[in-house]
Amino acid sequence: MKRRGFLAAAGAAFVAGCNKVADTDAGARLLSAAEKWHMGAHRLLTNREALAPEYPRSAVSPFFRGNGSVDPQNGDYPRHVEEGFANWQLTVGGLVRNPLALTLDNIRRLPQRSQVTRHDCVEGWSAIGEWTGPQLSLLLDEAQLSPEAQFIVFRCADNLNGQDYYESVDLIDAYHPQTIIAHSLNGEPLPVRNGAPLRMRIERQLGYKHAKYLTGIEAVASLDDVGGGQGGYWEDRAGYQWYAGI
Amino acid sequence: MKRHVLSTRIWHWLNLLCVVVLFMSGLTISNAHRLLYWGDWGFDRSQAWLEVPRFPDWMTIPGYYSLAVARDWHILMAWPFALGLLFMWIAMLLNRHFKRDLITTRREWRPKAIWRDIVEHAKLNFDHGEGKYNFLQKLAYGLVLGIFLPMMVFSGIAISPGMEPTFGWLVDLLGGRQSARSLHFIFAFAILGFFIVHVALVLLSGPIGQMRAMITGGSTHEA
């Protein structure tokens, strides 16, 4: 018992020391710099077009777990579910010359990409599913991005714990060939728990980047004035890394 | 001559700091999803091979449940950990520490010799090898430097979705992402096991002299 007491005290003292370091300006800067070193290393080692692994259709998981919002009850969302998403609209705006407003029908008629990929949650679990939808690059080209645009923000219908969900990526991930706006999972329309009727697939990053219940795509020059300024719901709320390729 | 050269001493203490922070922040990350799987995927109990206990807050960094803060520490300390290990391997090969002190001879692998080594250990006589280290020491240090620590780096890279497009072969070699995650966990606890035995043997073999040697370098006849 004494030994455990000693270990616990030593552990607590060490943790307190770590937290002290994290609380200093230099410590906090160091901790957030590490995310950028990883991103830099990934971008250096990995071709910008390099694909996340794709699996055969037979590898699909029997059930695709939902996480975070799994059944949004806020705003118009329940009405859209009742209508079978017949009146859902996806807007493409912000720093673009040609803003768009698309129906699900418009989106299904664009050239499609299907990919069987693995979804990795930041918590640690993984599931494999087949996603289908148009590449984001098609929509961005159609909308004609302005040269000042640096980031693409994804606006979502779900409100989680009082805040609207949103996410963002840089142009490298936005134009990545596997970055699609998925309307189907395993050949069926997206279930509500997985983001019906539209969700993003950002295949080289963790699950919280794959914004669900997608209503808007917005090109911006900076993330400072979007949401809480950190680039996404979990980034603002809990301090998750904006670059989720780690 | 010094018992431990400067590069070994610097790496030893840097690595200790890295391993402690990585392990304690890793326990928080484990608490986020306490199931381990084999293969590419898995998300609930029916696919898991192990349900890990919840680690109490006092064992974890930051001392309360925050996956985001734990990941901050984890991905920061991964850098000095991995680069330090690379540095130690280069130094060990260049200064012949590896060849001189760590490579085992065929003679040492004979069952009789191994048994004698175990018996000597049981008698708390550690200074009975032909070179600087006896067989069990060489085996332990060889396993840690050659397998346990590098496996943490490789399995860590394999879990990282941003690395997978380039290092997919590594993920395949480890049996898929969830296997890599399980191996990351298993080798972390293998390192904890080494750490406990290592500290216990230091305490049993004159801790003050051992600590002094690893800090100032000591001298070969002193040990």
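The values are calculated or read from the model by the stated rules, or taken from the named source; none is laboratory data. Only a predicted model underlies this, so the values are computations on that prediction, with no experimental measurement involved. Every residue, glycine as well, gets a Cβ built from its backbone with ideal geometry; the counts of neighbours run over all protein chains shown.
One line per residue, one yes/no per condition, for (1) in contact with a strand residue (DSSP E or B) (Cβ under 8 Å, 6 or more places away or on another chain); (2) within 14 Å of chain A (Cβ to nearest Cβ); (3) at pLDDT 95 or above:
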position	(1), (2), (3)
B:148	no, no, yes
B:157	no, yes, yes
B:179	no, yes, yes
B:185	yes, yes, yes
B:217	no, no, no
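Which of the residues belonging to region B:1-16 are part of a helix (DSSP H, G or I) and either touching a residue at least 40 places away in the same chain (Cβ under 8 Å) or of a type outside the set (A, V, I, L, M) (or both)?
Taking region B:1-16 as the starting set, the residues that turn out to be part of a helix (DSSP H, G or I) are B:6-16.
Within region B:1-16, B:6, B:7, B:8, B:9, B:11, B:12, B:13, B:14, B:15 qualify.
Mind checking which pairs have a first residue in region A:30-45 that is at the interface with chain B (Cβ under 7 Å from one of its Cβ atoms) and a second that is assigned to a helix (DSSP H, G or I) and surrounded by fewer than 16 Cβ atoms within 10 Å (Cβ to Cβ), Cβ under 6 Å, 6 or more apart or different chains?
What qualifies is A:45/B:166.
Return only the number of the condition from (1) surrounded by 12 or more Cβ atoms within 10 Å (Cβ to Cβ); (2) touching a helix residue (DSSP H, G or I) at 6+ places or on another chain (Cβ under 9 Å); (3) farther than 30 Å from residue B:56 by Cα that residue A:28 does not satisfy.
Only one criterion is unmet by residue A:28, namely (3).
Within region B:18-38, restricting attention to residues that are without any contact (Cβ under 8 Å) to a residue 60 or more places away in the chain and either under 30 Å from residue B:209 (Cα atoms) or basic (Lys, Arg) (or both), which residue is farthest from the other protein chains (Cβ to nearest Cβ)? Even if it seems obvious, please write down each step before you answer.
First, pick out the residues of region B:18-38 that are without any contact (Cβ under 8 Å) to a residue 60 or more places away in the chain: B:20-21, B:24-25, B:27-29, B:31-35.
Keeping just the survivors that are either under 30 Å from residue B:209 (Cα atoms) or basic (Lys, Arg) (or both) gives B:20-21, B:24, B:34.
Working: B:20: 7, B:21: 7, B:24: 7, B:34: 9 Å.
Among those residues, the one meeting the criterion is B:34.
Just to be sure I understand the filter: pairs with C-beta atoms under 7 Å, separated by 6 or more residues or on different chains, first member in region A:56-83 and over 18 Å from residue A:206 (Cβ atoms) and assigned by TED's automatic domain parsing to the domain that holds residue A:117, second member of a type in the set (Gly, Ala, Ser) and not in a loop (DSSP other than H, G, I, E, B). Which pairs pass?
A:60/A:129; A:72/A:157; A:75/A:157; A:77/A:157
Could you figure out which of (1) of a type in the set (A, V, I, L, M); (2) touching a Phe, Trp or Tyr at 6+ places or on another chain (Cβ under 9 Å); (3) surrounded by 17 or more Cβ atoms within 10 Å (Cβ to Cβ); (4) over 25 Å from residue B:200 (Cα atoms) isn't true of residue B:88?
(4)
Given the condition within 11 Å of chain B (Cβ to nearest Cβ), surrounded by fewer than 22 Cβ atoms within 10 Å (Cβ to Cβ), outside any loop (DSSP other than H, G, I, E, B) and in contact with a strand residue (DSSP E or B) (Cβ under 8 Å, 6 or more places away or on another chain), answer yes or no: does some residue in region A:194-208 qualify?
So in region A:194-208, the residues within 11 Å of chain B (Cβ to nearest Cβ) come out as A:202-208.
From what is left, the residues that are surrounded by fewer than 22 Cβ atoms within 10 Å (Cβ to Cβ) are A:207.
Those still in the list that are outside any loop (DSSP other than H, G, I, E, B) too: A:207.
Checking which are in contact with a strand residue (DSSP E or B) (Cβ under 8 Å, 6 or more places away or on another chain) leaves us with A:207.
Yes, because at least one residue in region A:194-208 is within 11 Å of chain B (Cβ to nearest Cβ), surrounded by fewer than 22 Cβ atoms within 10 Å (Cβ to Cβ), outside any loop (DSSP other than H, G, I, E, B) and in contact with a strand residue (DSSP E or B) (Cβ under 8 Å, 6 or more places away or on another chain).
For residue A:233, indicate whether it is more than 20 Å from residue A:110 (Cα to Cα) and within 14 Å of chain B (Cβ to nearest Cβ). It would help to see each step written out before you state the result.
Numbers: more than 20 Å from residue A:110 (Cα to Cα): yes; within 14 Å of chain B (Cβ to nearest Cβ): yes.
Criteria met by residue A:233.
What's the number of the condition residue A:111 fails, among (1) touching a residue at least 40 places away in the same chain (Cβ under 8 Å); (2) surrounded by fewer than 20 Cβ atoms within 10 Å (Cβ to Cβ)?
Just one mismatch for residue A:111, condition (1).
From (1) of a type outside the set (Val, Ile, Thr); (2) in contact with a helix residue (DSSP H, G or I) (Cβ under 6 Å, 6 or more places away or on another chain); (3) surrounded by fewer than 21 Cβ atoms within 10 Å (Cβ to Cβ), pick out the condition that doesn't hold for residue B:217.
Condition not satisfied by residue B:217: (2).
What about residue A:93, is it more than 30 Å from residue B:36 (Cβ to Cβ) and touching a residue at least 12 places away in the same chain (Cβ under 8 Å)? Give the steps one after another, and end with the answer.
Numbers: more than 30 Å from residue B:36 (Cβ to Cβ): yes; touching a residue at least 12 places away in the same chain (Cβ under 8 Å): yes.
Taking the combined requirement at face value, the residue satisfies it.
Assigned to a helix (DSSP H, G or I) and away from chain A (no Cβ under 12 Å): is that true of residue B:191 in this structure? Full working, then the answer.
Details: assigned to a helix (DSSP H, G or I): yes; away from chain A (no Cβ under 12 Å): yes.
Judged against the criteria, residue B:191 is a match.
Filter region B:39-62 down to the residues that are more than 20 Å from residue A:129 (Cβ to Cβ) and facing another protein chain (nearest Cβ under 9 Å), then identify the one that is surrounded by the most Cβ atoms within 10 Å (Cβ to Cβ).
B:61
From the list A:116, A:96, pick out the single residue that is more than 27 Å from residue A:73 (Cα to Cα) and within 14 Å of chain B (Cβ to nearest Cβ).
So the residue among A:116, A:96 that is more than 27 Å from residue A:73 (Cα to Cα) and within 14 Å of chain B (Cβ to nearest Cβ) is A:116.
Condition check: facing another protein chain (nearest Cβ under 7 Å) and in contact with a His (Cβ under 7 Å, 6 or more places away or on another chain). Does residue B:75 satisfy that? Walk me through it before giving the result.
Working: facing another protein chain (nearest Cβ under 7 Å): yes; in contact with a His (Cβ under 7 Å, 6 or more places away or on another chain): yes.
Spelling it out, residue B:75 is indeed facing another protein chain (nearest Cβ under 7 Å) and in contact with a His (Cβ under 7 Å, 6 or more places away or on another chain).
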